[in-house]
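For reference, the structure is listed below as structure tokens.
The values are calculated or read from the model by the stated rules, or taken from the named source; none is laboratory data. The model shown is predicted, which means the values in this text are computed figures rather than measured ones. Counting neighbours? That spans all protein chains shown, and the Cβs are built from the backbone with ideal geometry, glycine included.
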Amino acid sequence: MAPSSLFAVGLVLAFCYLTSFTASADIVETSFHVKNLTANRLCQEQVIMAVNGSLPGPTLRVKEGDTVIVHVFNKSPYNLTIHWHGVFQRLTQWADGPEFVTQCPIRPGGNYTYRFNLTGQEGTLWWHAHSQWLRATVHGALIIRPRDGQKYPFVKPFLEDTIMLGEWWNADPNDVENAALATGAAPVNADAYTVNGWPGDTYNFCPSNKTYRLDVVPGQTYLVRIINAALNTQFFFKIANHNFTVVAVDAAYTNPFQTDVVLVGPGQTTDVLLTANQSPGLYYMAASPYDSGIGIPFNANITTGILAYQNTTQTTPTLPVMPAFNDTPTAFTFSTNLTALVTSRFWSPVPRTVDENMFITFGLGLSACGSNQTCGGIFQQRMAASMNNNSFVLPTRMSLLEAYFRNVSGVYTTDFPDQPPMVFDYTNVSNSFNQSLLMTPKVTSLKKIKFNSTVQIVLQNTALVSVENHPMHLHGFNFYVLAQGFGNYDPINDTRKFNFVNPQERNTLGVPTGGWAVIRFRADNPGVWFIHCHLEVHLPWGLGTAFLVENGGTPESTLPPPPADFPQC
Ligand code: C2O
């Protein structure tokens, strides 16, 4: 270890020591045992991987400023990592978790301790496996409440509840992924959607089926934290006869926004206030898919839970009327009406100058099948996905972060382009099957960014194979959403639509289908940060890249060395 890195560790420790005394912050320490669990869903038994024997896994409840220590024991037969979705990981970059980006996997039988701090973030986040498709069942909530002496910036709720939406396969999700990757075809869809692990009443009845139930006291207001933990499905969420007031998304406070429907994509969270102000009865809460792709098969079922008023005599709950699966206007209205609560103590104004201007096309495509192989994708090729026509491949011998830290060459390149290689009519569906545009090379190409640069990215969806709303997730940062629209981004007219006053802050944004979004963030967190589509089907297809943010020259802006138990490949 170089003397300079020893110095950095010393400072980190001194810093934590100080905060723990000045801010009444706690250390929250727990263990995750990841192992087989036989679960009964859809009238059959299925062995799943689960944390501490439960689905969803344990909820981590902390206060802003606390330090979290999680000892992960991999007792599963699979390689495993855990990602703390939305946690900035300042000075704990080695704990971020995406396999082969941050770390090599924890091998079966191995363990690793994740340590990180939750300063400057409040609201609902979550944790999930970030290796193959394990996150289908290896996930749970991460709830960050105000520290002592601080309050929510809204009416104090009577009680709080968490709704994790998910997907269920009558199969091992890793097998589903592997079967698809073997031929390059699209994977099979989930057999059911779930509310807190249960498909609910719309599916076949068996005694083992359960329906999640939230009991409420008439007149009281609840803070409901909605998390989409599904792999591949965006959801509309409603409760019959009830309205919501959105107060936060992705652990960033919003101006109160009234709505009867929430759109939540994989990776996203939405905190709503719900007042039990209807006649005391039973009401279904329901999640139905938002599927914006054209001709892409999906499961059209809905999943339900029950909102039950105390002492009700009603026996059949009322169902909400759900939006159509392709109701893009409703999706767009929800996503564009959210604004940041600038009076929040975590708000910082949008940086007004830009150092790195990127225009990134992204969407589906194809990669070569390979000679002597038979492939199940379109035109007998492999299904693929890309950003600026780079289809991202993870390394296998060392993580990107470690290769950067140790200066190991040959693991990645830093030539990710700021523009697509070719200008075409990106969102014109007549290009969807244009073979000269569909093929995309497999590369591990990163974008290098100077510390503290302001990065602006126009995320431009393409119509290749199909237009689609992709939930784009950035690790290590929140970003401001300056504007969103349909069609091809127009650099002259669309710039005028930028909201510099109170743009929503997120870590995951569903970019409008066949459209674009402009995001901006300050790269003040050194490390290697994955940016990718949170539809798990698109990740192994290559819909991602990573930002390599260089050190800033002070100990607080320098990537520390990895911890002693850091997993080796
Ligand atoms: Cu929630 Cu890289 O993911």
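Flag not set for PHE205, criterion: away from the ligand (no atom under 16 Å from the Cβ), outside any loop (DSSP other than H, G, I, E, B), over 16 Å from the mean Cα position of the chain (by Cα) and not assigned by TED's automatic domain parsing to the domain that holds TRP133.
Considering only residues of region 479-510 that are away from the ligand (no atom under 16 Å from the Cβ), among the β-branched types (Val, Ile, Thr) and closer than 23 Å to ALA251 by Cα, which is surrounded by the fewest Cβ atoms within 10 Å (Cβ to Cβ)? Before the answer, list the steps.
Restricting attention to region 479-510, the residues satisfying the condition of being away from the ligand (no atom under 16 Å from the Cβ) are 480-505.
Now drop any that are not among the β-branched types (Val, Ile, Thr), which leaves 481, 492, 495, 501.
Those left that are additionally closer than 23 Å to ALA251 by Cα: 481, 501.
Details: VAL481: 25, VAL501: 10.
The selected residue is VAL501.
When only residues in region 224-255 that are touching a residue at least 40 places away in the same chain (Cβ under 8 Å) and among the aromatic types (Phe, Trp, Tyr) count, which is nearest to the ligand (Cβ to nearest atom)? This residue is PHE235. Give region 270-288 a look and list any residue that's crowded, with 23+ Cβ neighbours inside 10 Å and in contact with a Phe, Trp or Tyr (Cβ under 6 Å, 6 or more places away or on another chain), or say none. Passing the criteria: VAL272, ALA287, SER288. Taking each residue of region 521-533 that is near the ligand (Cβ under 9 Å from one of its atoms) and looking for partners that are among the polar types (S, T, N, Q) with beta-carbon atoms closer than 7 Å, six or more apart or interchain, yields ILE531/THR545. Selection of region 73-91 for residues being among the hydroxyl-bearing types (Ser, Thr, Tyr) and within 16 Å of the ligand (Cβ to nearest atom) yields only THR81. Does ALA185 qualify as being assigned by TED's automatic domain parsing to the domain that holds PRO297 and either free of Cβ contacts under 8 Å to residues at least 24 places away in the same chain or within 28 Å of LEU535 (Cβ to Cβ) (or both)? For ALA185, the condition - assigned by TED's automatic domain parsing to the domain that holds PRO297 and either free of Cβ contacts under 8 Å to residues at least 24 places away in the same chain or within 28 Å of LEU535 (Cβ to Cβ) (or both) - is met.
For every residue, the table says whether it meets (1) among the hydroxyl-bearing types (Ser, Thr, Tyr); (2) more than 18 Å from VAL354 (Cα to Cα); (3) part of a strand (DSSP E or B); (4) modelled with pLDDT under 95.
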| residue | (1), (2), (3), (4) |
| --- | --- |
| ASN488 | no, yes, no, no |
| PRO491 | no, no, no, no |
| THR495 | yes, no, no, no |
| ASN499 | no, no, no, no |
| LEU509 | no, yes, yes, no |
| THR513 | yes, yes, no, no |
| ALA517 | no, no, yes, no |
| ARG520 | no, no, yes, no |
| ASN525 | no, no, no, no |
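Can you report the number of residues in region 527-566 which are part of a loop (DSSP other than H, G, I, E, B) and of a type in the set (S, T, N, Q)? So that I can check it myself, show each step before the final result.
Restricting attention to region 527-566, the residues satisfying the condition of being part of a loop (DSSP other than H, G, I, E, B) are 534-535, 539-543, 550-554, 558-566.
So of that shortlist, the ones also of a type in the set (S, T, N, Q) come out as 551, 554, 558.
Residues meeting the conditions: 3.
Test of understanding: among ASN232, ASN241, ASN301, ASN311, which residue is at positive phi, outside any strand (DSSP E or B) and at pLDDT 95 or above? Among ASN232, ASN241, ASN301, ASN311, only ASN241 is at positive phi, outside any strand (DSSP E or B) and at pLDDT 95 or above.
Yes/no per residue for (1) in contact (Cβ under 8 Å) with a residue 40 or more places away in the chain; (2) part of a loop (DSSP other than H, G, I, E, B):
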site	(1), (2)
ILE48	yes, no
PRO58	yes, yes
VAL62	yes, no
VAL70	yes, no
SER76	yes, yes
TRP84	yes, no
PRO108	no, yes
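Scanning region 460-473 for residues that are within 16 Å of the ligand (Cβ to nearest atom) and within 11 Å of PHE362 (Cα to Cα) yields HIS470, MET472.
Residues in region 110-136 that are near the ligand (Cβ under 10 Å from one of its atoms) and assigned to a loop (DSSP other than H, G, I, E, B): 1 in all. For region 92-106, a residue qualifies if it is within 15 Å of the ligand (Cβ to nearest atom) and either β-branched (Val, Ile, Thr) or not in a loop (DSSP other than H, G, I, E, B) (or both), and the qualifying residues are GLN93, ALA95, GLU99, VAL101, THR102, GLN103.
Inspect region 448-457 for any residue being at pLDDT 95 or above, closer than 23 Å to SER367 by Cβ and not acidic (Asp, Glu) and give the result as yes or no. Spell out the reasoning first.
Applying the first criterion (at pLDDT 95 or above) to region 448-457 yields 448-457.
So of that shortlist, the ones also closer than 23 Å to SER367 by Cβ come out as none.
Among the residues of region 448-457, not one is at pLDDT 95 or above, closer than 23 Å to SER367 by Cβ and not acidic (Asp, Glu), which makes the answer no.
Only one entry of LEU263, LEU274 meets the criterion of being in contact (Cβ under 8 Å) with a residue 40 or more places away in the chain, closer than 16 Å to ASN196 by Cβ and part of a strand (DSSP E or B), and that entry is LEU274.
With respect to the stated conditions, GLU122 fails to be of a type in the set (Asp, Glu) and in contact with a Leu (Cβ under 9 Å, 6 or more places away or on another chain).
Please pick out the residue among GLN258, GLN220 that is of a type in the set (S, T, N, Q), surrounded by fewer than 23 Cβ atoms within 10 Å (Cβ to Cβ) and without any contact (Cβ under 8 Å) to a residue 40 or more places away in the chain. Show your work before the answer.
Numbers: GLN220 fails: without any contact (Cβ under 8 Å) to a residue 40 or more places away in the chain.
Answer to the selection: GLN258.
Evaluation of GLY476 against the conditions (1) away from the ligand (no atom under 16 Å from the Cβ); (2) in a loop (DSSP other than H, G, I, E, B); (3) surrounded by 24 or more Cβ atoms within 10 Å (Cβ to Cβ) shows that the sole unmet condition is (1).
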